[in-house]
Amino acid sequence: MILALMLVSFLAGVLTHMALARPPKADAGLTYIEEIPVYTDYIAEGSRARPGGQREIKYLVIHETDNFSEGADAKAHSSFILQNANAEENIVSWHYTVDDRQICHHLPDDEPAYHAGDGMEKNGGNLNGIGIEMCVNEGGNYEQTLINTEKLCARLLIEYDLKPKALRKHQDFSGKECPAKLISSGRWEEFCDAVEKRYEELLAAEKNK
Ligand SMILES: [Zn+2]
């Protein structure tokens, strides 16, 4: 009887461990984050903007589009990135674009991309980061975009078993002032704190499942 109880408790422990320690995966496969839809439309394999290959995910690299035109939202950037995937020069690519009502997903999370301006440097932003662009377009609600980005980041930290200290600015890799509005308004720390708070909440919810 005692042996049976020990076996049951051992199996329960194993199952709990399996539930918490998720195996690595190619992509988080997000379709919604709370009420925010995530639309996936990948850059074609073999495109110049999609170098391919797998890497270890170490960072979430935050950017702003710096495109203040009306209508320059996540969908517009999804069209841009798909249309320019084989451009002759200035090849750019990243994983997610966030606006005030949706998220567009352009590359599997575990593939490198060209957003951090540091080539394929070891431990660099392109090689090891998930690139996340925040829209700053006229007519968009930047504060809501920030909240949506916080939620995406918290979710990705959980999915890839990262800590909030994995958050990086584009600036950290290449020196470019990006995310420009967030940096110039002195709100980077505030953003990181907000992500950490949401991450802790998600973590607590996962443990209580
Ligand atoms: Zn940037």
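The values are calculated or read from the model by the stated rules, or taken from the named source; none is laboratory data. Here the structure is a predicted model, which is why all the values come from computation and not from measurement. Note: ideal-geometry Cβ built from the backbone for every residue, glycine included; neighbour counts use all protein chains shown. Just so you know, the surface numbers come from the protein's heavy atoms only, side chains and all, with ligands and any DNA or RNA stripped out. Shrake-Rupley method; radii C 1.70, N 1.55, O 1.52, S 1.80 Å.
Among the candidates Glu201, Glu206, the residue that is open to solvent by 90 Å² or more (accessible area, probe 1.4 Å) and out of contact with any strand residue (DSSP E or B) (no Cβ under 6 Å at 6 or more places or on another chain) is uniquely Glu201.
The single residue among Gly71, Gly53 that is out of contact with any helix residue (DSSP H, G or I) (no Cβ under 6 Å at 6 or more places or on another chain), part of a loop (DSSP other than H, G, I, E, B), farther than 13 Å from Asn128 by Cα and away from the ligand (no atom under 16 Å from the Cβ) turns out to be Gly71. For the range 31-47, the criterion of being surrounded by 21 or more Cβ atoms within 10 Å (Cβ to Cβ) and not in a helix (DSSP H, G or I) is met by at least one residue. Annotation for the range 176-186: no member residue is within 27 Å of Phe80 (Cβ to Cβ), away from the ligand (no atom under 16 Å from the Cβ) and open to solvent by less than 50 Å² (accessible area, probe 1.4 Å).
Scanning the range 48-70 for residues that are surrounded by 15 or more Cβ atoms within 10 Å (Cβ to Cβ), within 30 Å of Ala194 (Cα to Cα) and without any contact (Cβ under 8 Å) to a residue 60 or more places away in the chain yields no hits at all.
Taken over the range 84-140, the residue count meeting the criterion of being in contact with a Leu (Cβ under 8 Å, 6 or more places away or on another chain) and open to solvent by 30 Å² or more (accessible area, probe 1.4 Å) is 2. Of the residues making up the range 120-133, those that are more than 15 Å from the ligand (Cβ to nearest atom) and either of a type in the set (Phe, Trp, Tyr) or in a loop (DSSP other than H, G, I, E, B) (or both) are Met120, Glu121, Lys122, Asn123. A search for C-beta distances below 9 Å between a residue of the range 188-203 that is within 13 Å of Leu167 (Cβ to Cβ) and any residue that is open to solvent by less than 80 Å² (accessible area, probe 1.4 Å) and of a type in the set (Ser, Thr, Tyr), counting only pairs 6+ apart in sequence or on different chains, returns Phe191/Thr149; Val195/Thr149.
Scanning the range 89-117 for residues that are more than 16 Å from Arg50 (Cβ to Cβ) and of a type in the set (Asp, Glu) turns up Glu89, Asp99, Asp100. Residues of the range 187-198 that are more than 23 Å from Glu56 (Cα to Cα) and open to solvent by less than 10 Å² (accessible area, probe 1.4 Å): Phe191 alone. Considered as a group, the residues in the range 175-209 that are at pLDDT 95 or above and outside any helix (DSSP H, G or I) include one that is nearest to Gly124 (Cα to Cα), and that residue is Gly175.
His77 meets each of the listed conditions (1) within 16 Å of the ligand (Cβ to nearest atom); (2) touching a residue at least 60 places away in the same chain (Cβ under 8 Å) apart from (2). Among the residues of the range 141-174, write down those that are open to solvent by 50 Å² or more (accessible area, probe 1.4 Å) and not in a helix (DSSP H, G or I). Residues satisfying the conditions are Asn141, Asp161, Lys163, Arg168.
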